Amino acid sequence: MRYHVLTLFPEMILDGLNTSIIGRAMNKGLIELNAINIRDFSTNKHMKVDDYPYGGGAGMVMQAEPVYLSYKSVADDIISRTGKKPRVVYLTPQGKVFNQRMAEEFAKEEDLIFLCGHYEGIDERALELIVTDNVSIGDYVLTGGELPAMVMIDTISRLVKGVLNNDDSAKYESFADNRLEYPQYTRPEEFMGMKVPKVLLSGDHKKVEQWREEESLKRTKERRPDLL
Ligand code: 6GU
C-alpha cells in the first residue's frame with residue numbers, strides 16, 4: 001500500500017505516523033508514506049498558495065493550481081506504474097462519514113492519494129478535476145484535513161496483510177461483527193482489591209470464549225446499542 005498525502009504540513013503527517021505499529025510497517029516496507037508539500041508547487045514568487053474568496057467572505061481559499069500540480073506530480077507516476085487512475089480522497093466535513101466498511105474498501109487499493117485542505121477550503125475547480133471520494137471522520141469541525149488523513153491511514157494500514165503481529169487480531173476487534181471488544185486483563189491477579197474474572201484463569205478455552213462473547217454483547221448493549 002502506498003499513501004500519497006497532498007498537504008501544506010507534510011511534517012505533521014510524517015511525524016504523526018512514524019511511531020509504533022504504523023512506523024514498523026513502514027520500516028518493513030509493507031506500507032509506504034509519501035507526503036507532498038503543496039507549497040512546493042506554487043508558481044507565485046512568494047510561494048503563496050491561497051487567496052481571497054471570490055464573492056467575499058471570511059478567510060482564505062487554497063488556489064487550484066498548486067493543488068492540481070501537486071496531484072499531477074504523483075498521479076502521473078502512479079498511472080504509468082499501474083495503468084489506472086488512483087482514488088483521491090478529499091478530507092472534508094462535507095464528505096461521507098468514514099467507517100470500518102469504507103476502510104476495508106480502501107485497503108484493496110495499491111495507491112491512495114489524500115488531499116488535505118486548510119483555511120476555508122480549496123478552489124472547487126481543483127476538487128472537480130481530481131477528487132474521487134469526499135470523506136469526513138465525524139460530525140465536528142477540525143482546522144485541516146491532516147488529522148483525518150492520519151486517522152484513515154492508521155485504520156486502513158492495520159488491515160494490510162502483515163501489519164499486525166497476529167494475522168487474526170484485525171478480524172476480532174471492535175466492529176468486526178458490529179460488536180465492541182470484551183474486557184481484557186493481565187497480571188497481577190488482584191489489583192486494588194479487584195480480581196480478574198475467575199473464568200479467565202480456568203484454562204477452559206470453551207468457557208473463556210463463551211464469557212467473552214457474552215461480555216462483548218453486554219458491552220455493546222450498554223455503550224453502543226445503535227450497533228445492534
Ligand atoms: Cl475530513 N476535515 C475537517 N476539516 N474537519 C472534519 C473532518 C475533515 N472530518 C470531521 N471534521
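Given the criteria more than 22 Å from Ala58 (Cα to Cα), out of contact with any Ser or Thr (no Cβ under 7 Å at 6 or more places or on another chain) and in a loop (DSSP other than H, G, I, E, B), does Gly144 qualify?
Numbers: more than 22 Å from Ala58 (Cα to Cα): no; out of contact with any Ser or Thr (no Cβ under 7 Å at 6 or more places or on another chain): yes; in a loop (DSSP other than H, G, I, E, B): yes.
The answer is no for Gly144.
Condition check: touching a helix residue (DSSP H, G or I) at 6+ places or on another chain (Cβ under 6 Å), over 27 Å from Asp15 (Cβ atoms) and more than 16 Å from the ligand (Cβ to nearest atom). Does Arg187 satisfy that?
no
What single numbered condition from (1) surrounded by fewer than 22 Cβ atoms within 10 Å (Cβ to Cβ); (2) more than 16 Å from the ligand (Cβ to nearest atom); (3) farther than 17 Å from Leu6 by Cβ fails to hold for Arg125?
Result: Arg125 passes all but (3).
Taking into account only those residues within the range 103-114 that are in contact (Cβ under 8 Å) with a residue 24 or more places away in the chain and over 13 Å from Met152 (Cα atoms), which is farthest from the ligand (Cβ to nearest atom)?
Per the stated criteria, the residue is Glu110.
Looking at this structure, is Tyr119 under 27 Å from Phe9 (Cα atoms), within 16 Å of the ligand (Cβ to nearest atom) and without any contact (Cβ under 8 Å) to a residue 60 or more places away in the chain? Let's see the steps before the verdict.
Values: under 27 Å from Phe9 (Cα atoms): yes; within 16 Å of the ligand (Cβ to nearest atom): yes; without any contact (Cβ under 8 Å) to a residue 60 or more places away in the chain: no.
It is false that Tyr119 is under 27 Å from Phe9 (Cα atoms), within 16 Å of the ligand (Cβ to nearest atom) and without any contact (Cβ under 8 Å) to a residue 60 or more places away in the chain.
Name every residue in the range 196-208 that is in a helix (DSSP H, G or I) and loosely packed, with under 12 Cβ neighbours inside 10 Å, in order of residue number.
Once the filter is applied, which keeps residues that are in a helix (DSSP H, G or I) and loosely packed, with under 12 Cβ neighbours inside 10 Å, the range 196-208 yields Lys198, His205, Lys206.
In this structure, is Tyr54 assigned to a helix (DSSP H, G or I), assigned by TED's automatic domain parsing to the domain that holds Ile153 and modelled with pLDDT of 95 or more?
So Tyr54 does not fit the description; no.
Of the conditions (1) part of a helix (DSSP H, G or I); (2) over 19 Å from the mean Cα position of the chain (by Cα), Leu180 fails just one. Which one is it?
(1)
With respect to Glu146, is the statement that it is touching a Cys at 6+ places or on another chain (Cβ under 8 Å) and in contact (Cβ under 8 Å) with a residue 24 or more places away in the chain true?
yes
Considering each of Arg212, Arg219, Arg187 in turn, give the residue that is in a loop (DSSP other than H, G, I, E, B) and of a type in the set (Lys, Arg).
Arg187
What is the residue count in the range 71-89 for residues that are in contact with a helix residue (DSSP H, G or I) (Cβ under 6 Å, 6 or more places away or on another chain) and either within 16 Å of the ligand (Cβ to nearest atom) or in a helix (DSSP H, G or I) (or both)?
2
So which of Asp40, Asp15 is over 26 Å from Gly162 (Cα atoms), assigned by TED's automatic domain parsing to the domain that holds Leu142, assigned to a helix (DSSP H, G or I) and not basic (Lys, Arg)? Break it down stepwise before answering.
On the way: Asp15 fails: over 26 Å from Gly162 (Cα atoms).
After ruling out the rest, the residue left standing is Asp40.
Conditions: (1) over 15 Å from Ile156 (Cβ atoms); (2) surrounded by 13 or more Cβ atoms within 10 Å (Cβ to Cβ); (3) polar (S, T, N, Q). Gln100 meets all but one. Number of the miss?
Among (1) over 15 Å from Ile156 (Cβ atoms); (2) surrounded by 13 or more Cβ atoms within 10 Å (Cβ to Cβ); (3) polar (S, T, N, Q), Gln100 violates only (1).
The values are calculated or read from the model by the stated rules, or taken from the named source; none is laboratory data. Model, not experiment: these values are computed from the prediction. Virtual Cβ from ideal backbone geometry, glycine too; neighbours counted across all protein chains shown.
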